[in-house]
Each structure stands twice: as C-alpha cells, then as structure tokens.
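**Q** I'd like to ask you about the structure that follows.
The values are calculated or read from the model by the stated rules, or taken from the named source; none is laboratory data. Because the structure is predicted, anything quoted here is derived from the model rather than measured. Positions of Cβ are backbone-derived with ideal geometry, glycine not excepted, and every protein chain shown enters the neighbour counts. The area values use the complete protein model at the heavy-atom level, side chains included, leaving out ligands, DNA and RNA. Shrake-Rupley method; radii C 1.70, N 1.55, O 1.52, S 1.80 Å.
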Amino acid sequence: MVTIDYSSIAIIPVITLILAWCICGYLFYRNYKKHGGVIKIWKAALVLFIGLFSFSINLNIWNTALKLSILPLGVWILYFVLKGKNRWQSYRSFAWMGFGFNFIFLVASLVTIPFQHWIFPDKNPTTFMANLENAKLITIHPSAKKNIVLDRKKLAGKFTHLKQREIYSDKWFSSLYEMSPSEINKKEEHFPYQLVGVKPKWGSGLPSPVLYIEKGGKGILITTSQHQLYYRLNDSVLREEH
C-alpha cells in the first residue's frame with residue numbers, strides 16, 4: 001500500500017503552479033479555437049509540449065531555485081521537422097506558446113517567494129516548531145542532568161516570548177577533534193539536550209529542523225540547512241521528573 005506524506009507539502013508553490021497551469025490551459029484553448037478546429041487538438045498539445053523544451057540557466061533567489069529559459073530548443077526542433085511539410089505555419093503559434101509558457105512558470109515561481117516568506121517566515125521559531133504533540137527530549141552529552149524532561153505545555157506558551165540572540169560559536173562549541181575522549185566527557189556542553197519529534201507548520205514544505213535545548217532550559221538553538229537561530233526565554237522549559 002502506497003502512503004503519501006502530506007505533512008511535508010509546500011502549499012504556496014502548489015497553488016501558484018496550479019494557477020500557472022490554469023492560465024496556460026486557457027491560453028492554449030483560445031489559440032486552438034482561433035484555428036477553427038482544423039488542427040487536431042492532440043497534435044497541437046504535442047507541439048506545445050515540445051515547445052516547452054529550452055536551454056535554461058539556473059538562478060537562486062532567496063534560496064529558491066529558478067530556471068530562466070533563454071534558447072527555444074523545442075521550437076528549433078519543430079521548425080526543422082515541420083518546415084519541409086508545409087505545416088510549420090499551422091503549428092508555429094503552438095510551438096512558440098510552449099516556449100512562452102516557461103516564463104509564466106518563472107513568474108509563478110517569483111510570486112511564490114514573497115508569499116512563502118510572508119506566510120512561513122524562515123526565521124520565526126513558530127514556523128519550525130508548530131507541532132509539539134510528539135516532542136521528546138533526549139540527552140546527547142554526558143554533562144546533561146538526569147531525570148530532566150520537556151515541559152511541552154510551557155514551551156508551547158512561550159513562543160511569543162522568544163527573543164532572538166546572537167550565536168557565539170567560538171565560545172559554545174570547542175574543537176572536539178583536538179580533545180581526547182576523556183576530555184570530551186568532562187567538557188560542560190552548552191546544548192546537552194536535543195528536541196526530537198517536532199514538526200514545522202503544515203504547508204511550509206520545510207524539513208524538520210535540528211533543535212537543541214540549552215543546559216538551563218532557557219535557550220533553543222534551531223539548525224536548518226539555511227540558518228542557525230538562537231532564541232532565549234525568561235523561564236526554563238525543562239523540569240525535573242521525580
């Protein structure tokens with residue numbers, strides 16, 4: 001049985017992609033109607049599909065991969081295939097329309113960027129820690145205190161009080177490869193706890209981040225593929241379990 005994980009879906013890109021296809025479908029239908037039904041619709045659709053092929057350059061804007069079409073490879077292929085059979089004039093508009101659709105998809109991707117960052121800000125802790133239902137605290141260093149558990153309700157109520165602070169990498173993280181195993185065990189780790197089972201907001205499409213809890217329970221370090229964010233709280237979100 002095949003199961004689909006809907007929790008990792010990126011809803012904003014999906015919506016803009018559907019809208020882009022709707023616009024493309026409408027333009028294709030209008031162009032097809034102009035030909036009065038002389039051309040078979042499946043042939044027009046095939047020509048349009050081939051026209052989509054292009055030589056593109058890759059761009060990266062706000063950590064979003066984009067493709068900018070610059071050479072109409074599909075149009076050139078169709079021209080050489082159809083020009084000798086006097087059919088190029090009939091299908092030319094569909095070929096160029098296919099190439100033009102690449103720019104509709106590019107615009108849709110560009111529109112996605114500000115909406116994605118507005119609805120799912122990638123520097124807001126609530127984006128990455130929206131679902132705490134299965135949150136669990138695990139110790140990752142011998143210096144962690146025993147019988148310490150996460151106060152899930154307390155953490156959920158502290159999101160509005162989280163304050164972003166500067167990260168002191170040199171001070172917090174030592175060069176462990178220069179230390180012996182015994183020195184590593186004796187070292188006082190700044191983030192001896194890891195928070196697992198936390199899920200980001202539904203629809204954000206973001207992977208679950210790596211979350212570390214400070215030894216006093218008043219600091220949270222959020223690590224993603226793009227950022228490392230450190231937040232402080234007024235009260236500890238850890239409690240001792242007896």
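**Q** What is the number of the single condition among (1) at pLDDT below 80; (2) in a strand (DSSP E or B) that Leu195 does not meet?
**A** All conditions pass for Leu195, except number (1).
**Q** Residue by residue through the stretch 212-231, note down the ones that are assigned to a strand (DSSP E or B) and either farther than 20 Å from Lys123 by Cα or open to solvent by less than 80 Å² (accessible area, probe 1.4 Å) (or both). Explain how you work it out, then say what you get.
**A** Filtering the stretch 212-231 down to residues assigned to a strand (DSSP E or B) leaves 212-213, 219-223, 228-231.
Once the filter is applied, which keeps residues that are assigned to a strand (DSSP E or B) and either farther than 20 Å from Lys123 by Cα or open to solvent by less than 80 Å² (accessible area, probe 1.4 Å) (or both), the stretch 212-231 yields Tyr212, Ile213, Gly219, Ile220, Leu221, Ile222, Thr223, Leu229, Tyr230, Tyr231.
**Q** If the requirement is being more than 23 Å from the chain's Cα centre (by Cα) and open to solvent by 70 Å² or more (accessible area, probe 1.4 Å), which of these qualifies: Lys33, Lys43, Lys67?
**A** Details: Lys43 fails: open to solvent by 70 Å² or more (accessible area, probe 1.4 Å); Lys67 fails: more than 23 Å from the chain's Cα centre (by Cα).
The match here is Lys33.
**Q** Can you name every residue in the stretch 33-89 that is within 20 Å of Ser109 (Cβ to Cβ) and at pLDDT below 85?
**A** Correct list: Leu59, Asn60, Ile61, Trp62, Asn63, Thr64, Ala65, Leu66.
**Q** Same structure, new question: Only one residue in Phe103, Phe94 is surrounded by 13 or more Cβ atoms within 10 Å (Cβ to Cβ) and either closer than 21 Å to Ile18 by Cα or not polar (S, T, N, Q) (or both), so which one is that?
**A** Values: Phe103 fails: surrounded by 13 or more Cβ atoms within 10 Å (Cβ to Cβ).
Unique residue meeting the criteria: Phe94.
**Q** Condition (residue is at pLDDT 90 or above and within 25 Å of Phe120 (Cα to Cα)) applied to the stretch 3-11: is it met by at least one residue?
**A** First pass over the stretch 3-11, keeping only residues at pLDDT 90 or above: 11.
Those left that are additionally within 25 Å of Phe120 (Cα to Cα): 11.
Yes, that holds for at least one residue.
**Q** Return the residues of the stretch 190-211 that are hydroxyl-bearing (Ser, Thr, Tyr) and surrounded by fewer than 19 Cβ atoms within 10 Å (Cβ to Cβ); say none if nothing qualifies.
**A** Step one: filter the stretch 190-211 for residues hydroxyl-bearing (Ser, Thr, Tyr), giving 193, 204, 208.
Scanning the stretch 190-211 gives a single hit, Ser208.
**Q** Moving to a separate point now. Pairs needed: first member in the stretch 204-232, among the acidic types (Asp, Glu); second member anywhere, open to solvent by 30 Å² or more (accessible area, probe 1.4 Å) and part of a loop (DSSP other than H, G, I, E, B); C-beta distance under 9 Å; at least 6 residues apart or different chains.
**A** Here the result reads Glu214/His190, each pair linking the stretch 204-232 to a residue that is open to solvent by 30 Å² or more (accessible area, probe 1.4 Å) and part of a loop (DSSP other than H, G, I, E, B).
**Q** Please report, ordered by residue number, the strands (runs of 3 or more DSSP E) entirely within the stretch 36-146 with at least 2 residues that are in contact (Cβ under 8 Å) with a residue 40 or more places away in the chain and not small (Gly, Ala, Ser).
**A** 64-71, 136-139
**Q** Looking only at the stretch 126-137, count how many residues are of a type in the set (Val, Ile, Thr) and either over 24 Å from the mean Cα position of the chain (by Cα) or surrounded by fewer than 16 Cβ atoms within 10 Å (Cβ to Cβ) (or both).
**A** Taking the stretch 126-137 first, the residues of a type in the set (Val, Ile, Thr) are 126-127.
In the following step, the residues that additionally are either over 24 Å from the mean Cα position of the chain (by Cα) or surrounded by fewer than 16 Cβ atoms within 10 Å (Cβ to Cβ) (or both) were identified as 126.
So the count comes out to 1.
**Q** For the stretch 156-163, state whether one or more residues are modelled with pLDDT of 70 or more and in contact with a Ser or Thr (Cβ under 9 Å, 6 or more places away or on another chain).
**A** Checked against the condition, which is being modelled with pLDDT of 70 or more and in contact with a Ser or Thr (Cβ under 9 Å, 6 or more places away or on another chain), the stretch 156-163 yields at least one hit.
**Q** Keeping to the stretch 106-125, report how many residues are aromatic (Phe, Trp, Tyr) and either within 30 Å of His35 (Cα to Cα) or open to solvent by less than 40 Å² (accessible area, probe 1.4 Å) (or both). So that I can check it myself, show each step before the final result.
**A** Going residue by residue through the stretch 106-125, those that are aromatic (Phe, Trp, Tyr) are 115, 118, 120.
Now narrow it down to the ones that are either within 30 Å of His35 (Cα to Cα) or open to solvent by less than 40 Å² (accessible area, probe 1.4 Å) (or both): 120.
The qualifying residues number 1.
**Q** Same structure again: Given Ile57, Ile77, Ile140, which one is β-branched (Val, Ile, Thr), within 30 Å of Gln194 (Cα to Cα) and open to solvent by 40 Å² or more (accessible area, probe 1.4 Å)? Steps first, answer last, please.
**A** Details: Ile57 fails: within 30 Å of Gln194 (Cα to Cα); Ile77 fails: within 30 Å of Gln194 (Cα to Cα).
Result of the check over Ile57, Ile77, Ile140: Ile140.
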